[in-house]
Amino acid sequence: MRGTRWRQSLSDAQRTKIQKLSLDFVKKKATLIPKNNALKTDLALLITKNNASMPEINRKIDQYMKLEKQILRLKYSHMVAVRKELTAEQRVGFDLGIMKKTRQGKRPRRY
């Protein structure tokens, strides 16, 4: 099972469980994204001030990075939860998809 074909082999029980996990993930992420965007806007406004204060900018950067860390942890915990629902054969395709995403922007190897 390569790429996204692991999705096609899901049982109804797996599909239901993964859909529930995905809905929870989307709901949690949806609460964080607007805050993240607001912090980016605040940071841009701080930078464009005539008397930009570096300590204030650094505080906003720290808040932004804290939120980014929360989003990344949420994303990767979701991926682990989905992977736990898969069979060994399905995990191969899932893992290949994850590894393929890490190579984005790089030229593919020729064998």
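The values are calculated or read from the model by the stated rules, or taken from the named source; none is laboratory data. All values reported here derive from a predicted model rather than from experimental measurement. Virtual Cβ from ideal backbone geometry, glycine too; neighbours counted across all protein chains shown. These area figures cover heavy atoms from the full protein model, side chains too; ligands, DNA and RNA do not enter into them. Shrake-Rupley method; radii C 1.70, N 1.55, O 1.52, S 1.80 Å.
Things to note:
- Full-extension gain in nm, Lys84 to Asn36, via 0.36 nm per residue minus C-alpha separation: 14.4 nm
- Taking the C-alpha atoms only, the angle from helix 88-102 to the longest principal axis of the chain is near 30 degrees.
- Per-pair calculated FRET efficiency, R0 = 25 Å: Thr102 and Lys20 via Cβ, rounded to 0.05: 0.40
- The solvent-accessible area of Arg5, taken with every protein chain present and a 1.4 Å probe, is close to 140 Å².
- Aspartates and glutamates whose Cα lies under 20 Å from that of Lys84, excluding same-chain neighbours fewer than 8 positions away: Asp12, Asp24, Asp95
- Taking a ≥ b ≥ c as the square roots of the eigenvalues of the Cα gyration tensor, an a/c ratio of 1.5 or more together with a/b larger than b/c marks the stretch 31-81 as prolate.
- Acute angle (nearest 10 degrees) that the helix 54-84 long axis makes with the longest principal axis of the chain, alpha-carbon atoms: 10 degrees
- Prolate/oblate/rounded call for the stretch 1-51, Cα gyration tensor, a/c under 1.5 rounded: oblate
- Cα shape, the stretch 10-102, gyration tensor, a/c 1.5 rule: prolate
- Part-to-part distance (alpha-carbon centres) for the stretch 1-45 and the stretch 60-78, which is given in Å: 14 Å
- Taking 7 Å steps out from each Cα toward its Cβ at Lys75 and Ser11 produces label points 3.1 nm apart.
- The residue among Val82, Ala30, Met65 whose Cα reaches farthest toward the positive pole of the charge dipole of the chain, with charges on the beta-carbon of Lys, Arg, Asp and Glu, is Val82.
- Taking Cβ atoms as reference points and 13 Å as the exclusive limit, the residues near Asp62 contribute a net charge of +1, counting Lys and Arg as +1 and Asp and Glu as -1.
- Additional length obtainable on full extension of the chain from Asn50 to Val92, 0.36 nm per residue less Cα span: 9.7 nm
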